Every structure is written in structure tokens, then in C-alpha cells.
Ligand code: PLP
């Protein structure tokens, strides 16, 4: 069986973070493992608290896995602070895993900083260059590049500009643009467009986490990048369409077996 590792934060409500990643891996038939960077106290309405784990236990989790188990794919999500970014980059430089799908998570839908603003530079310099693919939404794209991105044409230029920062490929997610939801992938050579029908629902908690872990799962199974993105988009579209009305805020996406 193929294996996938998520390095991310815990969401106590089970809709995003590590929990979404492991459910996605499981639903897509890969064996999931996790390295926790932070624990969030969270429900469908808000993130009420975060406790960050020490660099020592983050490194310890990574070492424990890589010294024993073959890792076919990695997804990186919530990183929280600069020390976590530095220790993850340092350990991954030792083990050199491939592929690495990096979701540059910054702010939750409810407005909580899942990455301290001061840690953005470390993300840019330490981890972006190690990524096979980064999967920012429009807000994250703007934060990484430092300028607004509001049209499809600008998304295409942004995907190319992001690849100049170091990752091999960039998927700019246009879910927050008006109209049809189009994502733009620049794979270092070509631009690809992925359009999906917009699903009207408030149950979208954890969609970013689920998409990036689905891409990592399909790549663990050997799919080439653009094909993995196409299949992951299909998966997330269905997971959103069948999202669950759990709680009083944004319910979670649904995972299938
Ligand atoms: N909580 C954790 C631990 C996450 O990793 C993420 C996203 O990556 C979120 C919350 C944000 O989820 P959403 O913006 O879908 O509410």
C-alpha cells in the first residue's frame, strides 16, 4: 500500500487540518501518517485557541517516521510559527522526500492566524523552494507575492511568479473569484486550467486541506501532477456537494469509502 504523510495542525472539530488529511488519505486508499505542528481548539464557527508544539517534538515525529517507513508523498499544511518551519525544512533536507505538496495556510475562514504573520518570510525562503507543488488560494497568493490578484489573467501571471520563488509548480485556486471557479496550474512549463461548477453551500470547512491532501494521495499512487490535480478536483467537488450540516457554522466536507 502507498503511504502519505501530513505535517499540519489538529482541528478538534475534525473538518480541517490533520483530521481532514487523514480522512482524505483513507478515502483515497493510501496509508496516512501525521506529524502535528499545533493543536487548535476549534469548531465549525471559530478557532478559539492554539497551542504550538515544540520544534523538538516536531523533529521527533518526522525522524520516527522516516527512520522506519517509506513515505510516498507529503502534504504540508498549518505551520503556525517560524521555528516549526525551520525545523521541518531542516529535517526534510535530510530525508529529501518527493513529492511535497505545500498548502501555504495562513488565515482560517473564521479569521484566525494559522501562520503568525512574522513567519511568512521563513515560509518563502525555507519551505517554498522544497515544494513540488504549492496550492495557495487568492488571498494566500496575494500575501506571498505582495500584490493583488483579481482576474484569470492575473492568476496565470501569479502562478508563474510563484514558481519563480522556488516551488516546481503552483496551483492558484480561484474559488473566491466571482462566477465559475477556475484554478490555474503552472507546472514550470505549461499553464493548465481546471474549472469546476460552483457548489452553493456553507459547508466548506476544510476544503483547502482536503484538496491538497487529495493531490498528495493521488501523487503517492503515481499519478503525474496535472492528472493528480484533475482527480483531486473531482474528489473535492463531490466532498463539498455532500458536505455535512454539522454544527452551527461552516460544516465539514464529506469523505467517502
Ligand atoms: N484548522 C486547521 C488546523 C487547518 O489546518 C486549517 C486549514 O488548513 C483550517 C483550520 C482552516 O480551515 P477553513 O479555512 O477551511 O476553515
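Coordinate-derived values only; no laboratory data. Predicted model, so just to flag it, every value in this text is computed and none were measured. Reconstructed Cβ throughout: ideal geometry from the backbone, glycine too, with neighbour counts over all protein chains shown.
Have a look at the DSSP beta bridges in the chain and tell me what percent are antiparallel, nearest 5.
Percent antiparallel among DSSP bridges in the chain is about 40.
Simple spin-label model, 7 Å along Cα-to-Cβ: residue 180 to residue 68 in nm?
4.9 nm
Between residue 150 and residue 51, what length in nm is gained on full extension when 0.36 nm per residue of separation is reduced by their alpha carbon distance?
Full-extension gain reported as 32.2 nm.
Label-point separation (nm) for residue 90 and residue 256, each offset 7 Å from Cα along Cα-to-Cβ?
Those two pseudo-labels are separated by 4.4 nm.
Relative contact order of region 3-241: what whole-number percent is it, with Cα pairs under 8 angstrom and at least 6 residues apart?
19 percent
Suppose we keep just the DSSP beta bridges with both residues in region 1-78; what percent of those would be antiparallel, to 5?
30 percent
Return the calculated 222 nm mean residue ellipticity for the chain, to the nearest 500 deg cm²/dmol, obtained by summing -39500 (n - 2.57) across DSSP H runs with n ≥ 4 and dividing by the residue count.
It comes out at -11000 deg cm²/dmol, rounded to the nearest 500.
Binning every alpha carbon pair distance of region 146-199 at 10 Å from zero, what are the percents per bin?
The distribution over region 146-199 is 27, 54, 18, 1, given as percents.
Tell me the Rg and the Dmax, in Å, that the Cα atoms of the chain produce.
Spelled out, the Cα radius of gyration and Dmax of the chain are 16.5, 47 Å.
Compute and list, largest first, the equivalent-ellipsoid semi-axes of region 1-89 from the alpha carbon gyration tensor, each √(5λ) rounded to a whole angstrom.
21, 18, 8
Give me the base-10 log of I(q)/I(0) for region 124-223 at each q in 0.23 Å⁻¹, Debye formula, one uniform scatterer per Cα, rounded to two decimals.
Once normalised to I(0) and log-transformed, intensities are -1.36.
Just want the ordering: 227, 178, 46, from fewest to most Cβ atoms lying within 10 Å of their own Cβ.
With the sparsest Cβ surroundings first, the list reads 178, 227, 46.
Given R₀ = 30 Å, FRET efficiency for residue 201-residue 226 by Cβ-Cβ distance, to 0.05?
So the FRET efficiency works out to roughly 0.65.
With each pseudo-label sitting 7 Å past Cα toward Cβ, what's the residue 192-residue 110 distance in nm, one decimal?
Each label point is offset 7 Å from its Cα along the Cβ direction, giving 3.5 nm.
In region 113-205, what % of DSSP beta bridges are antiparallel (nearest 5)?
In region 113-205, approximately 75 percent of DSSP beta bridges are antiparallel ones.
Could you list 213, 10, 48 so that the one with the fewest beta carbons within 10 Å of its beta carbon is first and the one with the most is last?
In increasing order of surrounding Cβ atoms, one gets 48, 10, 213.
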